[in-house]
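This report concerns only the one structure given below.
The values are calculated or read from the model by the stated rules, or taken from the named source; none is laboratory data. On a predicted model such as this, the values are computed, not experimentally measured, just so you know. No Cβ is skipped: glycine too gets one built from the backbone with ideal geometry, and neighbour counts run over all protein chains shown.
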Amino acid sequence: MNPLVSVIVPCYNQGQYLVEALESICNQTFENWECLIIDDGSIDNTAEIAKSFVNNDSRFCYYFKKNSGVSSTRNLGLEKANGQYIQFLDCDDVLDVRKLELSLKELELNKNVQIVISNFRMFTDDIKVSSDPFCILDPSYFNLEGFLYQWNISFSLQMQCGFFEALLFHNIRFPENLSAQEDWVVWVSLFKTGTKAVFIDKPLAYYRINPNSRMSTLGIDDNKVKVLENFKSILSNDEYNKFISNLISRIYQSNEDVKKRLKEVRSSNTYQTGLMIKKILKKIGLLKISRSLFKTILRLKK
(Lines give C-alpha, C1' and ligand atoms only; values in the text may rest on other atoms or scores of the structure.)
Protein backbone atom coordinates (compact mmCIF):
# COMPACT_ATOMS: atom_id res chain seq x y z
CA MET A 1 0.00 0.00 0.00
CA ASN A 2 1.79 3.10 -1.26
CA PRO A 3 -0.86 5.74 -2.03
CA LEU A 4 -0.09 9.43 -2.40
CA VAL A 5 -0.93 11.54 0.68
CA SER A 6 -1.57 15.27 0.24
CA VAL A 7 -0.50 17.35 3.24
CA ILE A 8 -2.19 20.78 3.21
CA VAL A 9 -0.44 23.55 5.17
CA PRO A 10 -2.26 26.91 5.30
CA CYS A 11 0.09 29.78 6.24
CA TYR A 12 -0.40 33.34 7.33
CA ASN A 13 2.40 35.37 8.93
CA GLN A 14 3.73 32.47 11.04
CA GLY A 15 7.12 32.17 9.37
CA GLN A 16 8.90 31.76 12.70
CA TYR A 17 7.19 28.39 13.15
CA LEU A 18 6.99 27.18 9.55
CA VAL A 19 10.39 25.46 9.41
CA GLU A 20 9.51 23.17 12.32
CA ALA A 21 6.13 22.32 10.77
CA LEU A 22 7.60 21.49 7.35
CA GLU A 23 10.49 19.52 8.82
CA SER A 24 7.94 17.32 10.60
CA ILE A 25 6.62 16.44 7.14
CA CYS A 26 10.10 15.87 5.70
CA ASN A 27 10.81 13.41 8.52
CA GLN A 28 7.72 11.25 7.99
CA THR A 29 8.45 7.51 7.96
CA PHE A 30 5.94 7.21 5.09
CA GLU A 31 7.54 9.01 2.17
CA ASN A 32 5.00 9.06 -0.67
CA TRP A 33 3.48 12.47 0.04
CA GLU A 34 3.08 15.88 -1.50
CA CYS A 35 3.00 18.99 0.68
CA LEU A 36 0.90 21.92 -0.51
CA ILE A 37 2.03 25.12 1.23
CA ILE A 38 -0.80 27.62 0.74
CA ASP A 39 0.27 31.16 1.62
CA ASP A 40 -2.72 33.33 2.53
CA GLY A 41 -1.08 36.66 1.67
CA SER A 42 1.69 36.61 4.28
CA ILE A 43 3.91 39.70 4.55
CA ASP A 44 6.63 38.10 6.71
CA ASN A 45 9.28 35.57 5.63
CA THR A 46 6.78 32.76 4.95
CA ALA A 47 7.37 32.80 1.17
CA GLU A 48 11.15 32.69 1.56
CA ILE A 49 11.00 29.70 3.93
CA ALA A 50 8.45 27.84 1.81
CA LYS A 51 10.46 28.30 -1.39
CA SER A 52 13.60 27.00 0.31
CA PHE A 53 11.78 23.70 0.97
CA VAL A 54 10.40 23.64 -2.60
CA ASN A 55 13.91 24.07 -4.01
CA ASN A 56 15.28 21.23 -1.87
CA ASP A 57 12.47 18.70 -2.26
CA SER A 58 10.17 18.36 -5.28
CA ARG A 59 7.41 16.96 -3.07
CA PHE A 60 6.78 20.49 -1.75
CA CYS A 61 4.58 22.89 -3.73
CA TYR A 62 4.03 26.57 -2.91
CA TYR A 63 0.96 28.64 -3.76
CA PHE A 64 0.35 32.31 -2.94
CA LYS A 65 -3.11 33.84 -2.73
CA LYS A 66 -4.68 37.08 -1.61
CA ASN A 67 -5.50 37.07 2.11
CA SER A 68 -9.02 35.77 2.63
CA GLY A 69 -8.89 33.49 5.68
CA VAL A 70 -7.98 29.95 6.66
CA SER A 71 -11.10 28.35 5.13
CA SER A 72 -10.44 29.58 1.59
CA THR A 73 -6.76 28.72 2.07
CA ARG A 74 -7.54 25.11 2.99
CA ASN A 75 -10.10 24.94 0.18
CA LEU A 76 -7.45 25.95 -2.35
CA GLY A 77 -5.27 23.16 -0.96
CA LEU A 78 -8.12 20.69 -1.48
CA GLU A 79 -8.50 21.85 -5.08
CA LYS A 80 -4.77 21.42 -5.76
CA ALA A 81 -4.42 18.08 -3.94
CA ASN A 82 -3.63 14.99 -6.00
CA GLY A 83 -3.49 12.45 -3.21
CA GLN A 84 -5.79 9.60 -2.30
CA TYR A 85 -5.62 10.79 1.32
CA ILE A 86 -5.59 14.21 2.98
CA GLN A 87 -3.63 15.38 6.02
CA PHE A 88 -4.05 18.95 7.32
CA LEU A 89 -1.35 20.74 9.29
CA ASP A 90 -1.49 24.32 10.62
CA CYS A 91 1.80 26.09 10.01
CA ASP A 92 2.59 26.57 13.71
CA ASP A 93 1.90 22.95 14.68
CA VAL A 94 3.86 19.70 14.22
CA LEU A 95 3.17 16.11 13.18
CA ASP A 96 4.75 13.06 14.79
CA VAL A 97 7.06 11.37 12.28
CA ARG A 98 4.79 8.28 12.25
CA LYS A 99 1.51 10.14 11.66
CA LEU A 100 1.07 9.18 8.00
CA GLU A 101 2.42 5.63 8.37
CA LEU A 102 0.28 4.66 11.36
CA SER A 103 -2.84 6.28 9.90
CA LEU A 104 -2.49 4.29 6.68
CA LYS A 105 -1.96 1.07 8.64
CA GLU A 106 -5.23 1.67 10.49
CA LEU A 107 -7.06 2.08 7.20
CA GLU A 108 -5.56 -1.20 5.99
CA LEU A 109 -6.91 -2.94 9.09
CA ASN A 110 -10.33 -1.23 8.95
CA LYS A 111 -11.67 -1.41 5.41
CA ASN A 112 -15.00 0.28 6.30
CA VAL A 113 -13.32 3.38 7.79
CA GLN A 114 -12.59 6.66 5.97
CA ILE A 115 -11.14 8.77 8.80
CA VAL A 116 -8.34 8.05 11.27
CA ILE A 117 -8.28 10.29 14.35
CA SER A 118 -5.21 10.40 16.58
CA ASN A 119 -4.62 11.87 20.00
CA PHE A 120 -2.45 14.96 20.49
CA ARG A 121 -0.28 16.85 22.94
CA MET A 122 0.39 20.56 23.47
CA PHE A 123 3.64 22.53 23.53
CA THR A 124 4.82 26.13 23.57
CA ASP A 125 8.39 26.40 22.27
CA ASP A 126 10.06 23.00 22.66
CA ILE A 127 8.16 19.97 21.36
CA LYS A 128 10.22 17.78 23.71
CA VAL A 129 8.52 19.61 26.60
CA SER A 130 4.87 18.92 25.83
CA SER A 131 1.79 18.77 28.06
CA ASP A 132 -1.40 16.74 28.18
CA PRO A 133 -4.15 17.72 25.72
CA PHE A 134 -6.78 20.24 26.79
CA CYS A 135 -9.48 17.57 26.50
CA ILE A 136 -9.79 13.80 26.75
CA LEU A 137 -10.65 12.26 23.40
CA ASP A 138 -13.04 9.34 23.45
CA PRO A 139 -14.02 7.29 20.37
CA SER A 140 -17.67 7.51 21.46
CA TYR A 141 -17.61 11.18 20.39
CA PHE A 142 -16.61 10.43 16.81
CA ASN A 143 -20.04 10.38 15.19
CA LEU A 144 -22.65 12.97 14.20
CA GLU A 145 -24.27 13.14 17.65
CA GLY A 146 -20.92 13.50 19.40
CA PHE A 147 -19.80 16.39 17.23
CA LEU A 148 -23.19 18.11 17.51
CA TYR A 149 -23.77 17.79 21.25
CA GLN A 150 -20.36 17.33 22.89
CA TRP A 151 -18.25 19.80 20.88
CA ASN A 152 -16.79 22.55 23.13
CA ILE A 153 -18.30 20.77 26.13
CA SER A 154 -16.46 17.46 26.38
CA PHE A 155 -13.96 17.94 23.56
CA SER A 156 -12.90 19.80 20.45
CA LEU A 157 -10.63 18.49 17.72
CA GLN A 158 -7.93 20.11 15.60
CA MET A 159 -8.04 19.17 11.90
CA GLN A 160 -4.46 17.82 12.01
CA CYS A 161 -5.62 15.08 14.37
CA GLY A 162 -7.53 13.65 11.42
CA PHE A 163 -6.37 11.67 8.39
CA PHE A 164 -8.98 11.53 5.60
CA GLU A 165 -9.87 9.76 2.41
CA ALA A 166 -9.72 12.50 -0.21
CA LEU A 167 -13.06 11.41 -1.70
CA LEU A 168 -14.78 12.68 1.44
CA PHE A 169 -14.05 16.24 0.32
CA HIS A 170 -15.57 15.81 -3.12
CA ASN A 171 -18.64 17.79 -1.98
CA ILE A 172 -17.39 19.23 1.33
CA ARG A 173 -15.46 22.48 1.79
CA PHE A 174 -14.57 24.73 4.71
CA PRO A 175 -17.20 27.49 5.11
CA GLU A 176 -15.59 30.74 3.99
CA ASN A 177 -18.15 32.92 5.79
CA LEU A 178 -16.73 31.91 9.19
CA SER A 179 -13.77 33.40 11.04
CA ALA A 180 -13.74 30.58 13.63
CA GLN A 181 -15.39 27.19 14.30
CA GLU A 182 -15.08 26.26 10.62
CA ASP A 183 -13.47 22.97 11.76
CA TRP A 184 -16.64 22.12 13.67
CA VAL A 185 -18.83 22.61 10.59
CA VAL A 186 -16.54 20.39 8.50
CA TRP A 187 -16.46 17.60 11.10
CA VAL A 188 -20.27 17.67 11.28
CA SER A 189 -20.49 17.66 7.47
CA LEU A 190 -18.18 14.64 7.27
CA PHE A 191 -20.06 12.56 9.84
CA LYS A 192 -23.43 13.61 8.42
CA THR A 193 -22.53 11.47 5.37
CA GLY A 194 -22.31 8.36 7.56
CA THR A 195 -18.53 8.34 7.55
CA LYS A 196 -16.86 6.04 10.08
CA ALA A 197 -13.70 6.80 12.05
CA VAL A 198 -11.10 4.83 13.99
CA PHE A 199 -9.09 6.24 16.89
CA ILE A 200 -5.34 5.93 17.53
CA ASP A 201 -4.77 6.73 21.19
CA LYS A 202 -1.27 8.03 20.57
CA PRO A 203 -0.14 11.69 20.35
CA LEU A 204 0.58 11.89 16.63
CA ALA A 205 -0.16 15.63 16.39
CA TYR A 206 1.32 18.45 18.45
CA TYR A 207 -0.69 21.63 18.98
CA ARG A 208 1.31 24.78 19.71
CA ILE A 209 0.03 27.10 22.44
CA ASN A 210 0.46 30.25 20.39
CA PRO A 211 -0.82 33.62 21.71
CA ASN A 212 -1.14 34.89 18.13
CA SER A 213 -3.26 32.01 16.86
CA ARG A 214 -6.99 32.26 16.28
CA MET A 215 -8.94 31.45 19.41
CA SER A 216 -12.63 30.82 19.86
CA THR A 217 -14.42 33.28 22.11
CA LEU A 218 -17.27 32.61 24.49
CA GLY A 219 -20.74 34.01 24.10
CA ILE A 220 -23.05 34.54 21.15
CA ASP A 221 -21.56 36.64 18.36
CA ASP A 222 -22.09 37.07 14.64
CA ASN A 223 -19.74 34.20 13.83
CA LYS A 224 -21.68 31.74 16.01
CA VAL A 225 -24.92 32.79 14.36
CA LYS A 226 -23.30 31.96 11.01
CA VAL A 227 -22.29 28.54 12.38
CA LEU A 228 -25.97 27.85 13.06
CA GLU A 229 -26.84 28.97 9.54
CA ASN A 230 -24.30 26.50 8.15
CA PHE A 231 -25.76 23.69 10.24
CA LYS A 232 -29.23 24.48 8.94
CA SER A 233 -28.01 23.80 5.41
CA ILE A 234 -26.30 20.55 6.46
CA LEU A 235 -28.78 18.90 8.83
CA SER A 236 -32.31 17.65 8.26
CA ASN A 237 -35.14 19.66 9.85
CA ASP A 238 -35.49 17.14 12.68
CA GLU A 239 -31.74 17.08 13.35
CA TYR A 240 -31.50 20.87 13.29
CA ASN A 241 -34.51 21.38 15.58
CA LYS A 242 -33.12 18.84 18.04
CA PHE A 243 -29.73 20.57 17.96
CA ILE A 244 -31.27 24.02 18.57
CA SER A 245 -33.41 22.68 21.44
CA ASN A 246 -30.31 21.15 23.02
CA LEU A 247 -28.39 24.41 22.57
CA ILE A 248 -31.15 26.47 24.18
CA SER A 249 -31.29 24.05 27.12
CA ARG A 250 -27.53 24.35 27.60
CA ILE A 251 -27.67 28.16 27.53
CA TYR A 252 -30.57 28.17 30.01
CA GLN A 253 -28.74 25.77 32.34
CA SER A 254 -25.59 27.87 32.10
CA ASN A 255 -27.55 30.98 33.10
CA GLU A 256 -29.10 29.13 36.02
CA ASP A 257 -25.64 28.02 37.17
CA VAL A 258 -24.40 31.61 37.03
CA LYS A 259 -27.40 32.80 39.06
CA LYS A 260 -26.78 30.10 41.65
CA ARG A 261 -23.11 31.03 42.02
CA LEU A 262 -24.00 34.74 42.27
CA LYS A 263 -26.52 33.96 45.00
CA GLU A 264 -23.89 31.97 46.90
CA VAL A 265 -21.44 34.88 46.66
CA ARG A 266 -24.03 37.37 47.91
CA SER A 267 -24.87 35.19 50.89
CA SER A 268 -21.21 34.68 51.84
CA ASN A 269 -19.78 36.26 55.01
CA THR A 270 -17.18 38.18 52.99
CA TYR A 271 -19.81 39.82 50.78
CA GLN A 272 -22.08 40.66 53.72
CA THR A 273 -19.15 42.15 55.65
CA GLY A 274 -18.30 44.32 52.66
CA LEU A 275 -21.88 45.58 52.46
CA MET A 276 -21.86 46.40 56.16
CA ILE A 277 -18.61 48.38 55.89
CA LYS A 278 -19.97 50.25 52.87
CA LYS A 279 -23.14 51.21 54.78
CA ILE A 280 -21.14 52.40 57.79
CA LEU A 281 -18.79 54.52 55.66
CA LYS A 282 -21.74 56.01 53.81
CA LYS A 283 -23.51 56.81 57.05
CA ILE A 284 -20.59 58.72 58.54
CA GLY A 285 -19.78 60.44 55.25
CA LEU A 286 -16.45 58.71 54.64
CA LEU A 287 -17.37 56.82 51.50
CA LYS A 288 -17.05 59.83 49.19
CA ILE A 289 -13.86 60.88 50.98
CA SER A 290 -12.42 57.39 50.52
CA ARG A 291 -13.23 57.42 46.82
CA SER A 292 -11.73 60.88 46.38
CA LEU A 293 -8.59 59.82 48.25
CA PHE A 294 -8.27 56.71 46.13
CA LYS A 295 -8.53 58.73 42.91
CA THR A 296 -5.94 61.19 44.19
CA ILE A 297 -3.52 58.37 44.97
CA LEU A 298 -3.97 56.92 41.48
CA ARG A 299 -3.39 60.37 39.91
CA LEU A 300 -0.21 60.89 41.93
CA LYS A 301 1.09 57.44 40.87
CA LYS A 302 0.78 58.47 37.22
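Here are the numbers for the structure shown:
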{"quantity": "Residue in region 9-21 that is closer than 19 Å to residue 158 by Cα, assigned by TED's automatic domain parsing to the domain that holds residue 201 and among the acidic types (Asp, Glu) present", "calculated": "yes"}
{"quantity": "Condition met for residue 104 (closer than 29 Å to residue 39 by Cβ, of a type in the set (A, V, I, L, M, F, W, C), modelled with pLDDT of 95 or more and surrounded by fewer than 14 Cβ atoms within 10 Å (Cβ to Cβ))", "calculated": "no"}
{"quantity": "Any pair with Cβ under 9 angstrom, 6 or more apart, that starts in region 115-138 at a residue that is outside the structural domain of residue 205 (by TED's automatic domain parsing) and over 16 Å from residue 97 (Cα atoms) and ends at one that is at pLDDT 95 or above and polar (S, T, N, Q)", "calculated": "none"}
{"quantity": "Qualifying residue in region 23-35 (condition: touching a strand residue (DSSP E or B) at 6+ places or on another chain (Cβ under 6 Å) and part of a helix (DSSP H, G or I))", "calculated": "yes"}
